[in-house]
Amino acid sequence: MSTILIKNGQIVTATDDYVADILVQDGRVHTIGKEIEVGADIPVHDASGLLVLPGGVDVHTHLEFNFGDFETIDDFETGTRSAAFGGTTTLVDFCNQGDKTPMDALEGWHKRAEKACVDVSAHVILNKVDDEALAQMRGLIHDEGISSFKLFTAYPGIFMVDDAGLFKAMRQARDNNAMICVHAENGGVIEVLIQEALAAGHTGPKYHEATRPSIMEGEATQRVITISELAEAPVYIVHLSASEALDAVTRARDRGVPVFAETCPHYLFLDKQEYERPGFEAAKFVMTPPLRECSHQHDLWRGLKTDDLQVISTDHCPFCFHEQPNGILYSKQQGVDNFNKIPNGAPGVETRLPLVFDGGVHKHQMSINRFVQLTATAPAKLFGLFPRKGTIAVGSDADIVIFDPNQKWTIKAEQQHSKIDYTLFEGKEIMGKVRKVFLGGRLIVEEGTWHGKRGMGKFVKRGNAGKI
Ligand code: DUC
Ligand code: ZN
Ligand code: ZN
């Protein structure tokens, strides 16, 4: 493998910020120092005046993901390439159990993930917590390097598990140093509200939001936390959107309970006004949980500041707005007459780092160390990837982003590298841009040009999860 030198950049980790050189050898950081000398044959990347960041770690994506009747549009090649252009070099994607055993589901996921262009792992979604699934959790954790699982308290008949299943899975995770991630909304109540809305002739996309009230995210989050306390297991709340849910997390953390939570850029930058867009446009914003009142955004930024929220991930779950020539199942148009048939999910894997840098570091007094912690270090630690991923240190994988903190640009769907035909942030002006991306020391993105290869991403076996 080759050697490269990244020179004179401002190296930022969750704790440090200094100017130095990085010598990369055999895919890893070999030396960090001042004025490192190399031979004329060694490629040198001058990062003067630029930030040198650990590659982003996004622990919430859905690539080639089967969601009820729908499938997300990005496969592992397009989704991971899009991630790379946005400075993210490791994904922890969701592997859906569906009607298989968890082990068989993982085998299918591995086949699909062979195309990945950045490094990947998976959380396995359990929708049936029976003895077989509980037994297989042990093998998944210890033999397969899968140290986290996702369970749902929503989507009855598709993903939802009952409290008993949640409790059993949490205890199994606790005994094996793994972590349960939960989609926390009250699926039963939501189903009643959906049926009532449809019966009243309310079919437009804005009723997606109206039927998923934030207090039912708060209720489910509190219930999940209470069950995790009894199970004495760490728990991770995914895609937290609501103040009520954040309150539950904050109260528990204040008591010393090991509860962790992520939010996503769309909850930080957008609000439910988007559902008032004319025609069917609002369907682009149908993700779950839905966008909330503006006041929730303020609470989420507070949570990021006080470490009641530890991670920003994307929940990249892309369904095209327009029908696709050979795959109607990929499109939001499925729900043009019925909001309950709009596939739930939105894109975002490519814009996370720049959006959070612009909104956080430039506009919300977030330090650049905290930015790195939220987007790389904390997710790597919580999900058993650290210190291989999530930092720049001697021995770490040389997944490195050269980032210009002051470059201005405008988000446009046509310039993104996902297969999706829209972005939630069309026309938004951003300060902060990815210039170069290295995966295991190989230059894969250079000033908007792709140098990577389909299949070059590796599956990463993960260690213990649930500690930070
Ligand atoms: N949950 C997710 O994690 N992603 C997409 C939609 C959902 O309900
Ligand atoms: Zn979810
Ligand atoms: Zn998701």
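Does T314 satisfy being in contact with a Gly (Cβ under 8 Å, 6 or more places away or on another chain) and outside any loop (DSSP other than H, G, I, E, B)?
Here the answer is no, as T314 does not meet what is asked.
For the stretch 443-457, name all the residues that are part of a loop (DSSP other than H, G, I, E, B) and either out of contact with any Lys or Arg (no Cβ under 8 Å at 6 or more places or on another chain) or free of Cβ contacts under 8 Å to residues at least 60 places away in the same chain (or both).
E447, G448, H451, K453, G457
Which numbered condition trips up A84, out of (1) outside any strand (DSSP E or B); (2) without any contact (Cβ under 8 Å) to a residue 60 or more places away in the chain?
It is condition (2) that A84 fails.
Considering every residue within the stretch 104-112, establish whether at least one is in contact with a Phe, Trp or Tyr (Cβ under 8 Å, 6 or more places away or on another chain) and either away from ligand 2 (no atom under 16 Å from the Cβ) or β-branched (V, I, T) (or both).
Checked the stretch 104-112: at least one residue is in contact with a Phe, Trp or Tyr (Cβ under 8 Å, 6 or more places away or on another chain) and either away from ligand 2 (no atom under 16 Å from the Cβ) or β-branched (V, I, T) (or both).
For D162, work out the one condition from (1) away from ligand 1 (no atom under 14 Å from the Cβ); (2) closer than 22 Å to N344 by Cα; (3) in contact (Cβ under 8 Å) with a residue 12 or more places away in the chain it doesn't fulfil.
Exception for D162: condition (3).
Within the stretch 266-298, how many residues are touching a strand residue (DSSP E or B) at 6+ places or on another chain (Cβ under 7 Å) and in a loop (DSSP other than H, G, I, E, B)?
Looking only at that region, the number is 1.
So, S418, is that one on the phi < 0 side of the Ramachandran plot and touching a Ser or Thr at 6+ places or on another chain (Cβ under 6 Å) or not?
It is true that S418 is on the phi < 0 side of the Ramachandran plot and touching a Ser or Thr at 6+ places or on another chain (Cβ under 6 Å).
Can you find a residue in the stretch 131-147 that is closer than 29 Å to A376 by Cα, within 16 Å of ligand 3 (Cβ to nearest atom), buried (at least 18 other Cβ atoms within 10 Å of the Cβ) and touching a residue at least 24 places away in the same chain (Cβ under 8 Å)?
No, the stretch 131-147 contains no residue that is closer than 29 Å to A376 by Cα, within 16 Å of ligand 3 (Cβ to nearest atom), buried (at least 18 other Cβ atoms within 10 Å of the Cβ) and touching a residue at least 24 places away in the same chain (Cβ under 8 Å).
Restricting the first residue to the stretch 425-437 and requiring it to be small (G, A, S), which pairs with a second residue that is in a loop (DSSP other than H, G, I, E, B) meet a Cβ separation below 9 Å and a spacing of at least six or different chains?
The qualifying pairs are G427/I411; G427/K412.
Among the candidates I36, I32, single out the residue that is part of a loop (DSSP other than H, G, I, E, B), away from ligand 3 (no atom under 16 Å from the Cβ) and surrounded by 15 or more Cβ atoms within 10 Å (Cβ to Cβ).
Selected residue: I36, the only one of I36, I32 that is part of a loop (DSSP other than H, G, I, E, B), away from ligand 3 (no atom under 16 Å from the Cβ) and surrounded by 15 or more Cβ atoms within 10 Å (Cβ to Cβ).
Every residue in the stretch 331-351 that is crowded, with 24+ Cβ neighbours inside 10 Å and within 17 Å of the chain's Cα centre (by Cα), please.
Listed by number, the residues that qualify are A346, P347, G348, V349, E350, T351.
Go over the candidates T449, T377, T410 one by one and state the one that is β-branched (V, I, T) and more than 30 Å from L23 (Cβ to Cβ).
Only one candidate qualifies: T410.
Taking the conditions exactly as written (crowded, with 21+ Cβ neighbours inside 10 Å and either more than 17 Å from the chain's Cα centre (by Cα) or not in a strand (DSSP E or B) (or both)), does H45 satisfy them or not?
Yes; evaluated as a whole, the condition is true for this residue.
From (1) under 20 Å from D69 (Cα atoms); (2) away from ligand 1 (no atom under 14 Å from the Cβ), pick out the condition that doesn't hold for A169.
Result: A169 passes all but (1).
Could you give every pair whose Cβ atoms fall below 8 Å, whose first residue belongs to the stretch 316-336 and is more than 15 Å from A282 (Cβ to Cβ) and at pLDDT 95 or above, and whose second residue is of a type in the set (F, W, Y) and part of a strand (DSSP E or B), counting only separations of at least 6 or pairs across chains?
Matching pairs, first to second residue: C317/F67.
Please count how many residues of the stretch 97-130 are without any contact (Cβ under 8 Å) to a residue 24 or more places away in the chain and either in contact with a Ser or Thr (Cβ under 6 Å, 6 or more places away or on another chain) or within 16 Å of F167 (Cα to Cα) (or both).
Result for the stretch 97-130: 1.
Looking at the stretch 401-444 only, could you name the residues that are within 29 Å of H30 (Cβ to Cβ) and of a type in the set (K, R)?
K433, R435, K436, R442
Name the residue, out of A261, A184, A252, A242, that is away from ligand 2 (no atom under 16 Å from the Cβ) and either of a type outside the set (D, E) or at positive phi (or both).
A252
Looking at T391, T351, which one is within 30 Å of E414 (Cβ to Cβ) and polar (S, T, N, Q)?
On inspection, the qualifying residue turns out to be T351.
Which one of these is farther than 14 Å from I180 by Cβ, β-branched (V, I, T) and either more than 16 Å from ligand 2 (Cβ to nearest atom) or buried (at least 22 other Cβ atoms within 10 Å of the Cβ) (or both): T89, T153?
Just one listed residue meets the conditions, T89.
So in the stretch 34-66, with the set limited to residues that are β-branched (V, I, T) and in contact (Cβ under 8 Å) with a residue 60 or more places away in the chain, which one is farthest from ligand 2 (Cβ to nearest atom)?
The residue in question is V52.
Does I237 satisfy the criteria of being among the aliphatic types (A, V, I, L, M), closer than 26 Å to T61 by Cβ and away from ligand 3 (no atom under 16 Å from the Cβ)?
Considered against the rule, which asks whether it is among the aliphatic types (A, V, I, L, M), closer than 26 Å to T61 by Cβ and away from ligand 3 (no atom under 16 Å from the Cβ), I237 comes out as no.
The values are calculated or read from the model by the stated rules, or taken from the named source; none is laboratory data. Keep in mind that this is a model prediction, so the values were computed, not measured. In this analysis, Cβ positions are derived from the backbone assuming ideal geometry, glycine residues included, and neighbour counts consider all displayed protein chains.
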